[in-house]
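Data first, discussion second: the structure below is written as structure tokens.
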Amino acid sequence: MSEFSSTKGVSPDSSIPHTTYDIRHTHSLIRTIALSKSYFNDGLETPVLFDINLTIEKGEFVSIMGPSGSGKSTLMHILGFLDSHTTGEFLFQGEPTGNLDEDALAKIRATRVSFVFQAFNLLPRTTVFDNVLLPLLYHPSIRTSQREERTRKAIETVGLTDRSTYLSSQLSGGQKQRVAIARALVTDPDIIFADEPTGNLDSHSGIAVMEALQALHRSGHTIILVTHELSTARHAQRIIQLKDGRIESDSREFDRVIAGTDDERLP
Amino acid sequence: MYFRDTLQSAFKGVSANALRSLLTMLGIIIGVGSVVLMSAVGASMQRVILGQISSLGAKSMVIFPGQQQGGPNSVSTGHDSLTFDDVDRLKLLSTITTVAPVVFIQGRTSEGSQDESPRVFGVPPEFFENQKIVSQEGRLLDAQDQQGATFNAVIAPDARDKLFGSVDPLGKRIKIANNHYTVVGVTRALGSQFFQNVDDRIYVPLSVARTVTGQKYANYITMQSTSLASDVAIDDVTFLLRRLHGINNPANDPKKDNFVVRSSAQANQILGGVSLGLTLFITTVAAISLLVGGIGIMNIMLVSVTERTREIGLRKAVGAKRRDILLQFLLESLLLTFLGGCIGLLFGIGLAFIAAAIVTKLLSTYHFVVSVPSTISALLMAGVTGLVFGISPARRAAALSPIEALRYE
């Protein structure tokens with residue numbers, strides 16, 4: 001269970017030189033300052049992330065890359081309000097997030113962020129339509145009358161309109177992941193997190209999913225992709241490499257892959 | 001999240017695994033069903049007995065000979081303690097009226113080739129008044145029959161059917177234990193009183209019965225109290241009979257007496273005690289079966305929470321609050337108990353209806369009554385069961401961390 005430790009939210013003034021962190025007023029979408037995360041088990045501290053300083057602007061397509069155990073999933077969970085950090089600061093649109101209670105975090109998850117998981121996580125024995133509609137049930141401000149229209153549009157965006165009434169178990173892996181993408185879109189969140197979205201898919205389906213994500217990015221969405229494969233990470237504009245809980249590199253200088261074009265076409 | 005949406009999610013949760021849900025509900029179905037069935041049968045029996053008591057009238061009283069044995073509700077007969085001297089002295093009491101002793105005549109009764117053994121009662125005319133017996137055809141026995149010791153008989157409808165079939169019995173002769181009697185009347189059907197069929201009797205004058213049997217005692221005595229306060233009449237009768245029988249019993253020990261006095265009011269009280277016992281019994285059965293049903297529901301809900309850990313994680317990841325999950329799983333338990341309760345209710349009413357139909361065939365008097373208070377309380381108890389046993393699994397589901405729930409394999 002998430003515990004909100006009182007040690008987080010340490011003022012940068014006390015531990016970090018001023019010169020590096022004097023641009024808080026610019027209100028980046030995501031900004032972390034000396035963020036760290038440890039897990040505590042039976043009083044034993046297991047540090048996972050150290051001194052993460054990161055800024056992500058609205059409209060970016062960022063890959064967080066690293067081998068397993070590098071802390072990339074933990075970072076995604078913290079940035080996606082599924083988990084809390086231990087020390088340092090995490091500013092979301094300029095607002096500190098350290099003191100949010102469980103309900104406030106749930107509200108942010110309902111309205112501002114969404115997720116695409118490696119294992120799809122669709123509800124079994126439930127239609128495509130109802131799966132996509134699910135987040136709207138928990139959205140505090142989208143009216144009941146708008147639900148169907150929004151759901152239809154999201155399904156249309158991923159090209160599965162003709163599968164709306166299918167049960168999730170009747171779909172292929174690639175189709176399932178596109179349903180998950182539609183579900184992530186339906187609340188029109190500020191950020192879409194994709195955690196190894198192609199990990200359970202064959203190459204063809206993987207390409208289709210990356211195409212969908214790149215299309216979303218072109219239409220203005222902010223996407224944070226977590227992956228351990230460079231070939232997948234290269235679909236983003238920017239690659240942040242994590243190693244052993246620290247940022248090893250943060251680069252925009254690489255050959256970007258556009259999904260479905262010649263440089264990726266399969267034999 | 002709107003309540004309607006939560007309810008819909010809960011309904012989907014229950015219907016997604018219909019067979020398992022049904023099996024889970026079985027405890028509740030049986031619990032509620034048995035309560036409804038038993039309380040319906042109990043209420044119907046009570047209605048029947050009350051009807052029989054009130055058909056005799058609230059002032060009706062009976063004295064049986066012999067000692068009270070076993071429980072307070074059992075009476076041993078066959079003793080000769082009630083003499084006709086007692087009867088004459090009883091008639092002098094101001095608190096009672098219409099004292100009517102009964103003498104049984106043993107032996108075969110026949111009409112032509114028909115040979116039956118109805119019970120033959122030697123009774124004075126007051127007996128008919130005490131038992132609310134009226135004539136259907138002909139007349140009842142009167143004071144002239146009694147005084148003249150005429151060999152006349154009045155027969156009840158079942159006895160008439162057995163002896164005469166569809167032939168008109170009036171004026172016909174029947175033979176009872178070597179004597180011939182003329183049928184002067186047929187009584188109206190009364191059904192059963194205290195589960196004894198009173199329609200297969202034959203009545204002859206008491207004077208005749210005393211003569212042919214030579215019996216010096218009454219088999220029992222019927223009478224009525226002059227006021228509704230039958231306790232006073234019971235005390236008077238008891239006091240008188242103890243004095244006449246030479247019984248010294250200041251402690252009111254029923255084992256020392258050689259007679260038992262009963263009144264309709266007393267029977268009412270006994271019935272009250274019986275129905276209280278029945279209510280307690282039903283409540284115990286309900287509590288036990290609902291407890292078992294509740295444990296079954298908790299068990300399945302815990303399995304369900306474990307099975308659906310990833311679903312819970314997903315719901316939390318897309319914004320479900322703790323109370324949304326809590327409410328969804330609580331509503332699932334409530335829905336299981338509520339549906340189980342409703343199915344049990346229908347089963348119980350159906351079985352009670354069948355039971356009523358069977359008893360009506362056997363006893364020819366039975367009312368079909370569903371006890372509304374028992375039914376409502378059974379449903380309420382089922383609901384409380386759902387709430388009590390659903391809260392723990394629901395809290396467990398609500399407390400899951402989204403990340404751990406999503407990672408759950």
**Request:** Those residues that are at the interface with another protein chain (Cβ under 7 Å from one of its Cβ atoms) and touching a residue at least 60 places away in the same chain (Cβ under 8 Å), I need them from segment B:319-335; list them, please.
**Result:** B:Ala320, B:Lys321, B:Arg322, B:Asp324
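Every residue, every condition in (1) more than 14 Å from every other protein chain (Cβ to nearest Cβ); (2) among the polar types (S, T, N, Q); (3) without any contact (Cβ under 8 Å) to a residue 12 or more places away in the chain, yes or no:
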site: B:Lys256; (1), (2), (3): yes, no, yes
site: B:Val261; (1), (2), (3): yes, no, no
site: B:Ala265; (1), (2), (3): yes, no, no
site: B:Leu271; (1), (2), (3): yes, no, no
site: B:Gly294; (1), (2), (3): yes, no, no
site: B:Ile300; (1), (2), (3): yes, no, no
site: B:Thr309; (1), (2), (3): no, yes, no
site: B:Ala317; (1), (2), (3): no, no, no
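Here are B:Val370, B:Val305: which of them is within 21 Å of the chain's Cα centre (by Cα) and crowded, with 17+ Cβ neighbours inside 10 Å? Lay out the reasoning, then the answer.
Numbers: B:Val305 fails: within 21 Å of the chain's Cα centre (by Cα).
Of B:Val370, B:Val305, the one residue that is within 21 Å of the chain's Cα centre (by Cα) and crowded, with 17+ Cβ neighbours inside 10 Å is B:Val370.
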**Residue check, A:Ser68 touching a residue at least 12 places away in the same chain (Cβ under 8 Å), within 14 Å of chain B (Cβ to nearest Cβ), out of contact with any helix residue (DSSP H, G or I) (no Cβ under 9 Å at 6 or more places or on another chain) and of a type in the set (Ser, Thr, Tyr)** = yes
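Answer yes or no: is there a residue in segment A:46-68 that is assigned to a loop (DSSP other than H, G, I, E, B), at pLDDT 90 or above and touching a His at 6+ places or on another chain (Cβ under 7 Å). Before the answer, list the steps.
Start the filter on segment A:46-68 by keeping residues that are assigned to a loop (DSSP other than H, G, I, E, B), which leaves A:57-60, A:66-68.
Add one more test, that the residue is at pLDDT 90 or above, and what stays is A:57-60, A:66-67.
Right, trim to touching a His at 6+ places or on another chain (Cβ under 7 Å) and you get A:66-67.
Yes, because at least one residue in segment A:46-68 is assigned to a loop (DSSP other than H, G, I, E, B), at pLDDT 90 or above and touching a His at 6+ places or on another chain (Cβ under 7 Å).
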**Asked** Within segment B:360-393, how many residues turn out to be over 19 Å from B:Ser275 (Cα atoms), at pLDDT below 80 and assigned to a helix (DSSP H, G or I)?
**Response** 4
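From B:Leu280, B:Leu240, B:Leu276, B:Leu228, which residue is surrounded by fewer than 19 Cβ atoms within 10 Å (Cβ to Cβ), more than 26 Å from B:Ala43 (Cβ to Cβ) and either aliphatic (A, V, I, L, M) or at pLDDT 85 or above (or both)? Give the steps one after another, and end with the answer.
Details: B:Leu280 fails: more than 26 Å from B:Ala43 (Cβ to Cβ); B:Leu276 fails: more than 26 Å from B:Ala43 (Cβ to Cβ); B:Leu228 fails: more than 26 Å from B:Ala43 (Cβ to Cβ).
Exactly one residue qualifies, and that residue is B:Leu240.
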**Prompt:** Quick check, is B:Arg47 touching a His at 6+ places or on another chain (Cβ under 6 Å), in contact (Cβ under 8 Å) with a residue 24 or more places away in the chain and surrounded by fewer than 18 Cβ atoms within 10 Å (Cβ to Cβ)?
**Reply:** yes
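Can you work out which of the residues in segment A:74-101 that are assigned to a loop (DSSP other than H, G, I, E, B) and touching a Leu at 6+ places or on another chain (Cβ under 9 Å) is farthest from A:Val116 (Cα to Cα)? Even if it seems obvious, please write down each step before you answer.
Here is the first cut: in segment A:74-101, the ones assigned to a loop (DSSP other than H, G, I, E, B) are A:80-86, A:93-94, A:97-101.
Subset that is touching a Leu at 6+ places or on another chain (Cβ under 9 Å): A:81-82, A:84-86, A:93, A:97.
On the way: A:Phe81: 14, A:Leu82: 13, A:Ser84: 20, A:His85: 21, A:Thr86: 25, A:Gln93: 22, A:Thr97: 22 Å.
The residue in question is A:Thr86.
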**Request:** Among what's in segment A:123-135 and is facing chain B (nearest Cβ under 9 Å) and of a type outside the set (Asp, Glu), pick the residue that is surrounded by the most Cβ atoms within 10 Å (Cβ to Cβ).
**Result:** A:Pro135
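Of the residues that sit in segment B:1-38 and are aromatic (Phe, Trp, Tyr) and more than 9 Å from chain A (Cβ to nearest Cβ), which one is surrounded by the fewest Cβ atoms within 10 Å (Cβ to Cβ)?
If we filter segment B:1-38 for residues that are aromatic (Phe, Trp, Tyr), which is where we start, we get B:2-3, B:11.
When the remaining residues are screened for being more than 9 Å from chain A (Cβ to nearest Cβ), the result is B:3, B:11.
Numbers: B:Phe3: 9, B:Phe11: 14.
Among residues in segment B:1-38 that are aromatic (Phe, Trp, Tyr) and more than 9 Å from chain A (Cβ to nearest Cβ), the one surrounded by the fewest Cβ atoms within 10 Å (Cβ to Cβ) is B:Phe3.
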**Message:** Anything in segment A:144-153 that is of a type outside the set (S, T, N, Q) and within 13 Å of another protein chain (Cβ to nearest Cβ)? List them, or say none.
**Reply:** A:Arg147
**Complete:** Expected output for segment A:209-220 (first residue in contact (Cβ under 8 Å) with a residue 12 or more places away in the chain, partner among the aromatic types (Phe, Trp, Tyr) and assigned to a helix (DSSP H, G or I), Cβ below 7 Å, 6+ apart or cross-chain) is none
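Looking at A:Phe61, A:Phe90 in this structure, which one is within 16 Å of the chain's Cα centre (by Cα) and either closer than 23 Å to A:Ser38 by Cα or within 14 Å of another protein chain (Cβ to nearest Cβ) (or both)? Outline the logic, then answer.
On the way: A:Phe61 fails: either closer than 23 Å to A:Ser38 by Cα or within 14 Å of another protein chain (Cβ to nearest Cβ) (or both).
Just one listed residue meets the conditions, A:Phe90.
Over 30 Å from B:Thr360 (Cβ atoms), at pLDDT below 85, loosely packed, with under 15 Cβ neighbours inside 10 Å and over 33 Å from the mean Cα position of the chain (by Cα), is that true of B:Ser94?
Working: over 30 Å from B:Thr360 (Cβ atoms): yes; at pLDDT below 85: no; loosely packed, with under 15 Cβ neighbours inside 10 Å: yes; over 33 Å from the mean Cα position of the chain (by Cα): yes.
So B:Ser94 fails the test.
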**Message:** Of the conditions (1) small (Gly, Ala, Ser); (2) at the interface with chain B (Cβ under 9 Å from one of its Cβ atoms); (3) free of Cβ contacts under 8 Å to residues at least 60 places away in the same chain, A:Ser141 satisfies every one except a single condition; which number is it?
**Reply:** (2)
**Prompt:** Before we move on, is A:Phe120 among the hydrophobic types (A, V, I, L, M, F, W, C), within 10 Å of another protein chain (Cβ to nearest Cβ) and either closer than 23 Å to B:Lys321 by Cβ or part of a loop (DSSP other than H, G, I, E, B) (or both)?
**Reply:** yes
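What do you reckon, is B:Ile174 among the β-branched types (Val, Ile, Thr), under 30 Å from B:Ser94 (Cβ atoms), in contact with a helix residue (DSSP H, G or I) (Cβ under 7 Å, 6 or more places away or on another chain) and touching a residue at least 60 places away in the same chain (Cβ under 8 Å)? First the steps, then the outcome.
Numbers: among the β-branched types (Val, Ile, Thr): yes; under 30 Å from B:Ser94 (Cβ atoms): no; in contact with a helix residue (DSSP H, G or I) (Cβ under 7 Å, 6 or more places away or on another chain): yes; touching a residue at least 60 places away in the same chain (Cβ under 8 Å): yes.
Criteria not met by B:Ile174.
Based on what the data block shows, is A:Glu102 modelled with pLDDT under 95, within 14 Å of another protein chain (Cβ to nearest Cβ) and closer than 25 Å to A:Lys176 by Cα?
On the way: modelled with pLDDT under 95: yes; within 14 Å of another protein chain (Cβ to nearest Cβ): yes; closer than 25 Å to A:Lys176 by Cα: no.
Judged against the criteria, A:Glu102 is not a match.
The values are calculated or read from the model by the stated rules, or taken from the named source; none is laboratory data. All of these numbers come straight from a predicted model, not from anything done at the bench. Cβ sites come from the backbone with ideal geometry, for glycine too, and all protein chains shown count toward neighbours.
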